[in-house]
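Here is the structure we will look at.
The values are calculated or read from the model by the stated rules, or taken from the named source; none is laboratory data. Given the structure is predicted, the values throughout are model-derived calculations rather than measurements. With ideal geometry, Cβ positions are generated from the backbone for all residues, glycine too; neighbour counts draw on all protein chains shown.
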Amino acid sequence: MIASMTAPALEIRGLARNFGALAVARHIDLVLERGARHALIGPNGAGKTTLVNLITGVLKPSAGRVLLDGDDVTGLPQAARARRGIARTFQINQLFRGLTVLENVCLAVAERTGAARRMFPSVRRDAAMIDEALAQLDGLRLAGDALVPVRELPYGRQRLVEIALALAQRPRVLLLDEPAAGVPSAESHLILDVVASLDPDIAVLIIEHDMDVVFRFARRISVLVAGAVMTEGTPEEIRADPRVRAVYLGESGDRHG
Amino acid sequence: MAATDEIAVAARARRFLAAHARLRPTEALPWLVAVAAFFVFPDRLTFGSQVLVMALFALSLDLVLGYAGILTLGHAAFFGIGAYTVGLLAARLDWTEPLTGLLAAATCAGFAGALSGVVLLRYRGLTLLVLTLSTTFILQEFGNVFDRVTGGYDGLPGLSFSPVLGVFDYDLFGRTAYLYALAVLFVCFCLARAIVVSPFGRSLVGIRENTARMHSIGAPVHGRLLVAYTVSAALAGVAGALHAHTNAFVTLSVFDFENSAGVLVMLILGGTGRLYGAFWGAVVYMVLQDSLAKFSPAFWQAGVGLLLIVTVLFARAGILGLVEAAGRRLRGGGP
Amino acid sequence: MPPLANIVVSILFDGLAYAMVLFIVSVGLSVTMGLMGFVNLAHGAFAMAGGYLTVSLTRSMGVPFLGALVIAVIAIAAVSVVFERTLYRRLYRASELDQVLLTIGLTFLAIAAFTWVYGPVPQSVRLPDYLAGQIDAGFRTFPTYRVFIIAVGLALVTVLWFAFERTLLGAKIRAAVDNRRMAQSVGIDVDRLFTLTFAVGSGLAALGGGLALQLFGMTPSFAVVYLVFFLLVVAVGGLGSLKGTLAAALVLGICDTAGKYLFAGAGGFIIYAVAIAILLARPAGLHGRD
């Protein structure tokens, strides 16, 4: 109990994962304090999404531990970790495409509140759930699309639904995997504005390729190269680090071919 | 101004979601038809109760296949367990009271569903298909091996059951059987309906639409599927028990592949994930079977084959899907 | 020969013959499922069609048995391509449920058609004299026909192994089973590979159906009753694996035969029990990848 007041929101220690002979994560350490704004950068194939999968429990680590508020959750399955306050968004949309935006968010609300265990309808309790989901959508300026099936929504709006689902879990730790990926640059500011105005209590880890966004948003940055953390520091330190410039920033000119 | 827009949206949204749960006038139609059939076809009531039994069986499949998206080819296992539960109780233990028989059948089939589901539901695709198919054949072999209890392939003929509620005796014209089956179907429909419009039921749809996301928003997917599978198995067991009650016999052919496939075809014909697809699918399937099989069984089998192929290629949402599409067109092509 | 040893030899011999039929029919199903993930429940119907075609060719047209088998293989392979082009192709990317429904529909149509033409009574053919007798191996005799089946099966295993492991075509198929997207991105035309393997697989199914004639007798329910065993072999073997299919066919064929020899009446259990046990221990099959 006392630990949870002082422990970081998320701590990973010595996390490693091999696929056969291929090490996709090597002894990764990372700490996210409460309210952290932490960016994870690195070249393609560095293992950034793998790390998110290890933290959320999609993948089991070969070694190392994941601590949430000081509690070891390494042995817990994905859903149990989600219920303890880890939420994520996906690099490629993972939505309930045939359902409306509102129903999408309601599913997440129902899981968090435990309503999803209820096997009978209840007008009063369903209304509370819907109101909460609508409030969530309103905060993201999605309320107007509440009754539109997700598959009929433009891609940029779908990316916002990704975030809405994660936020509906009321997470303490939020992992954003390239939230603006695939969105036309004219619309990406909508998503980045949402990211910038997230609840300051939530610890956020963001994977992002756009360096402007990273340096504007993050208070700390980790650079992941070939499955290992090459360096970690403040944006100023990272910007000044010649190794980072060499492996990552140096190639940014030809990254988007 | 924006505020009034949002209030309007909120009100619409609440009505929209409540509409899932609210009874629509069209939902009375199947029941009106079923009651009307009782008066219009007094000499076809035995056939009528078979239709109702299959509608219940298809409804049970809709819960797992249509809502939760579990692809099974072995649902006849639970139908058979239900049928043999009341059959054996009546034939071997002289337990002939029908309503407690239904409960016993639901319990046995539900238990079998939970037990097999713990293992089976961890699999998907071909493996799940093969495992569900095999389970059914194992039960059939099991019944065959213990033929001194089960009657083997001859089954349990000439079962007799006590009057329903101690009052209504099974008559020669099938009137009691029909009304009894209709009442049980109605109760089971109400139960299934409550489940699918509940948050639990919506979470099953979520699992069907995107299992990975359900895991990541914290849903205990395996547990949810297991509950759904157990409830569905229990309902299939009730259908099997009704089958035994209304026919007064059971044979091992309840475990045939044709039974598992037949109920699947009914559900597909009617439309999956719509509850009432099970009802209309069973009606159309059974009536077609009844009229085509008169010419020859092969004729009927060809008919089912063609129907399936045409449905899959051109009317994947089934009869109810076609009706819905026609309704939308009539209202002026809006969404 | 002592009675126990005699039974063991009988089980192994009959089991081997049965396993060869299972292998010949299932191998095509395994490869096409591995390639495209297409759940083809009509595979048993192709085997049945091969069996009935063999019956008609030998009986009504006087074609010699071996010639009839060859014609059946070619004819069914050709017919299967028509189905693949017109129906299967539309559902490559559809859900498993849709594929299951379409192919169950085809199976029902086939059962109806063959019931119409041949009736429900089991059909068989008169074997040529050189296949009909017994072969004396010194310590006991073996039915020539089963020896023939085993020989054909082993020959096919060799040919298929060579084609799979030693030819460019085989390498392409293995690559596509392993990772379809990757294979496509390096220029392998997976759709054409699928058509080809589908044709070969259906032809082999027809051969299996023709060979099975004298073992089980051919009835219209063949397409459903034996389908379960073919699916078991594919699932237990692991999708798209030649070695796995062979291993699964051997294990299941011999276990099933043993069950029927040793526990008359109860033996039907064994094949399912063994298959389920293997699948629980190895969900992706004997040679599958997780």
Filter segment C:264-281 down to the residues that are buried (at least 16 other Cβ atoms within 10 Å of the Cβ) and either in a helix (DSSP H, G or I) or modelled with pLDDT of 80 or more (or both) and list them by number. C:GLY268, C:PHE269, C:ILE270, C:ILE271, C:TYR272, C:VAL274, C:ALA275, C:ILE276, C:ILE278, C:LEU279
Is there a residue being charged (D, E, K, R), within 20 Å of A:SER222 (Cβ to Cβ) and surrounded by 18 or more Cβ atoms within 10 Å (Cβ to Cβ) anywhere in segment A:92-112? no
Residues satisfying the stated conditions in segment C:214-249, i.e. among the hydrophobic types (A, V, I, L, M, F, W, C), more than 13 Å from every other protein chain (Cβ to nearest Cβ) and over 27 Å from C:ALA112 (Cβ atoms): C:LEU242, C:LEU246, C:ALA247, C:ALA249
Give the residues of segment B:187-219 that are more than 7 Å from chain A (Cβ to nearest Cβ) and of a type in the set (Ser, Thr, Tyr), sorted by residue number. B:THR211
Are there any helices (runs of 4 or more DSSP H) wholly within segment A:86-200 with 3 or more residues that are modelled with pLDDT under 90, and if so which? A:123-139, A:155-168, A:185-196
Tell me, which residue of segment A:62-80 that is surrounded by 15 or more Cβ atoms within 10 Å (Cβ to Cβ) and away from chain B (no Cβ under 14 Å) is farthest from the chain's Cα centre (by Cα)? A:SER62
If B:ALA192 meets every condition in (1) within 24 Å of C:SER95 (Cα to Cα); (2) surrounded by fewer than 24 Cβ atoms within 10 Å (Cβ to Cβ) apart from one, which number is that one? (1)
Does A:ARG124 satisfy the condition of being out of contact with any strand residue (DSSP E or B) (no Cβ under 7 Å at 6 or more places or on another chain), surrounded by fewer than 22 Cβ atoms within 10 Å (Cβ to Cβ) and facing chain B (nearest Cβ under 7 Å)? no
Of everything in segment B:237-251, what is among the hydrophobic types (A, V, I, L, M, F, W, C) and either under 11 Å from the mean Cα position of the chain (by Cα) or buried (at least 23 other Cβ atoms within 10 Å of the Cβ) (or both)? Give them in sequence order. B:VAL238, B:ALA239, B:ALA241, B:LEU242, B:ALA244, B:VAL250
Do you know which of the residues in segment A:149-170 that are more than 10 Å from chain B (Cβ to nearest Cβ) and under 24 Å from A:ARG83 (Cα atoms) is surrounded by the most Cβ atoms within 10 Å (Cβ to Cβ)? A:ARG159
Sort through C:ALA42, C:ALA47, C:ALA17 and tell me the only one that's within 14 Å of another protein chain (Cβ to nearest Cβ) and either within 8 Å of the chain's Cα centre (by Cα) or touching a residue at least 24 places away in the same chain (Cβ under 8 Å) (or both). C:ALA42
